[in-house]
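Input: a single structure, listed below in structure tokens.
The values are calculated or read from the model by the stated rules, or taken from the named source; none is laboratory data. Keep in mind that what you see is a predicted model, and the values were worked out from it rather than measured. Glycine also receives a Cβ, built like all others from the backbone with ideal geometry; neighbour counts cover every protein chain displayed.
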Amino acid sequence: MTSVPQRRRGPHGGLTSGVGLFFLCLFVIFGSWMTYSMFRIDVGTGEMAILIHKVGKDLDNDDEMAPTEEYKGVQREVLTEGRHFRNPFFWDWEVIPQTVIPEGKLGVKVSLVGDDLGYGEFLAQMKDETTPITKGIVPGVMRPGRYPINPYIYAVEEHEPITIDAGYKGVVTNLTGPMPENPNELLVQPGERGVQPATLDPGTYYVNPYETRINQLDCRSQRFNLSEASGMGFPSKDGFWVQLDGIIEFRVHPDKAAEVYVTYNEDENGDRIDEELILKVIMPNARSFCRLQGSNSLGRDFIQGETRTQFQDDFQEAMRAACEPLGIEIIQALITRIRPPEQIAMPVREREIAKQEELQYQQQILQQESEQKLAVETALVAQKRALVEADQKVVKLTTEAKREQEVAVTKANEQLKVAEYKLEASRDEAAAIMARGQAEADIIRFRNEAEAAGWKTAVEAFSGNGMQYAQFVMFEKMASAYRQIMVNTADSPIMRVFEALDPTVVQPTGPQGSATADAAVPEDAGDDASGSEVAVESPEGPAS
């Protein structure tokens, strides 16, 4: 068995492997960083990147742009904001700002690539919204904003939007489109090339100036003074030259603005049309009417008021009838002054003044008569007003008197009722007093009768002897109050009180009339009737 020799590692073999791994990692990191830095395309805000292919198929001689990514050259597609990666060995790029249409502007794109246009054509034909087929102006407009437009494909022009002011109309002319079927008409059918019958109202419009032209037509009222036109006059029927001044106020009818603009506008005046209307419409018709109508009247007729007024009315009606079919509306046509020749003006004027004064005097007479009638009517009205006021006062006083009488009667009735109620109350109160007195008398009488009945019964208990009953009552009353009665002598006057109550005691006939008081002397007082004093004690204490 043959043994395979083992490969010996040197003492530095592990260190060599670690260094190699380190350099390998360093190479990978450096390569990744280089790849990230070289392949990265940073497109900032408001920017875009145009790609250029370095390799691929060659372009044809008539190609300006690479149709696809397989061809060399500038690509149609652009890179918008963000981070993108492309191989720098196959691609090149250019970061540029995007196209910005400022506020109050509009943008028109012009295609720089594609086939050449045919004879008479100037609008580019588009395959889609971003891919032109031919060179030329791209239809449509770009509103204010930011757009990533490839400058190798399109050139962008800035234009002003069309603003139609108040009182104006916008006359629209299509610069593109099919040719009109009837080229002899002033206005074409909608969509055809030429002036459109429809006009635009006041506002702001973003239109491609290569597709559509908008002209502003002033439809506001204009005023023209006939005195500004030289030779504004006419010969009268009798051969005198009559001059006149006047004011004509007119405007373009809004519904016929396009027709009027096409008919009378001149290129050297731009959008202004008022001078053309005055020279081509107003003045010829005014001069024609004055010469035809004025030649039928005498010179003195224009001094009198009626002829002048009739001439004024006819002038206004004739101007309206002549101008309104042409799209011009006559608002007012006034003859402010008619100047006849002086050789006939003075006498006719004086005669006219005399007529006017006569009319004035007649008016004054009528006015005075009217004032007289008015004064009479005013007096009658004042008289009637006074009568009405007097009648009103009589009615007012009568009404107030009746009201006061009714109030007095009502108060009297109320007082009568109150007196009746008081009388009834007094009667009731007297009856109540009498009833109370009778009741009290009955009570006293009943009480007396009861007491008398009690006394009678008590007297009957003493065999009908009232004196004995009285003695009993007195002894009963006094017995509770006196325990002892002491007197100086037996014939004391106080003792006579008791003797009078005792019928058995013989009253003395002496001068003093005193009686013995033994019966009234208690037993413990002794037999001495002539004691010095008699003591009388009561429950409240001794008394002498």
Pairs under 9 Å by beta carbon, first residue touching a residue at least 60 places away in the same chain (Cβ under 8 Å) in region 39-67, partner part of a loop (DSSP other than H, G, I, E, B) and β-branched (Val, Ile, Thr), six or more apart or different chains? Met48/Thr80; Met48/Ile149; Glu64/Val113; Glu64/Ile153; Met65/Val113; Met65/Ile153
Take the residues in region 83-108 that are charged (D, E, K, R) and in contact with a Pro (Cβ under 9 Å, 6 or more places away or on another chain), then tell me which one is farthest from Val207 (Cα to Cα). Glu103
Would region 241-249 turn up any residue that is over 30 Å from Gly145 (Cβ atoms), within 45 Å of the chain's Cα centre (by Cα) and in a strand (DSSP E or B)? yes
Assuming Gln312 fulfils every condition listed in (1) at pLDDT 85 or above; (2) more than 49 Å from the chain's Cα centre (by Cα); (3) within 21 Å of Glu228 (Cα to Cα) apart from one, which condition is it? (1)
Thr45 being among the β-branched types (Val, Ile, Thr) and either touching a His at 6+ places or on another chain (Cβ under 9 Å) or modelled with pLDDT under 85 (or both): no
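Assess whether Lys109 counts as being charged (D, E, K, R), modelled with pLDDT of 90 or more and closer than 30 Å to Asp218 by Cβ.
On the way: charged (D, E, K, R): yes; modelled with pLDDT of 90 or more: yes; closer than 30 Å to Asp218 by Cβ: no.
No; evaluated as a whole, the condition is false for this residue.
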Any chance region 178-196 includes a residue that's crowded, with 16+ Cβ neighbours inside 10 Å, of a type in the set (S, T, N, Q) and within 46 Å of the chain's Cα centre (by Cα)? yes
Restricted to region 222-240 and to residues being outside any helix (DSSP H, G or I) and surrounded by 14 or more Cβ atoms within 10 Å (Cβ to Cβ), the residue modelled with the lowest pLDDT is Ala229
Does region 260-267 contain at least one residue that is in contact with a strand residue (DSSP E or B) (Cβ under 7 Å, 6 or more places away or on another chain), part of a loop (DSSP other than H, G, I, E, B) and of a type in the set (S, T, N, Q)? no
Out of the residues in region 197-215 that are surrounded by fewer than 17 Cβ atoms within 10 Å (Cβ to Cβ) and of a type in the set (Phe, Trp, Tyr), state the one that is farthest from the chain's Cα centre (by Cα). Tyr206
Go through region 116-148 and count every residue that is among the aromatic types (Phe, Trp, Tyr) and assigned to a strand (DSSP E or B). 1
Condition (residue is farther than 21 Å from Asn208 by Cα, part of a loop (DSSP other than H, G, I, E, B) and in contact with a helix residue (DSSP H, G or I) (Cβ under 6 Å, 6 or more places away or on another chain)) applied to region 88-98: is it met by at least one residue? yes
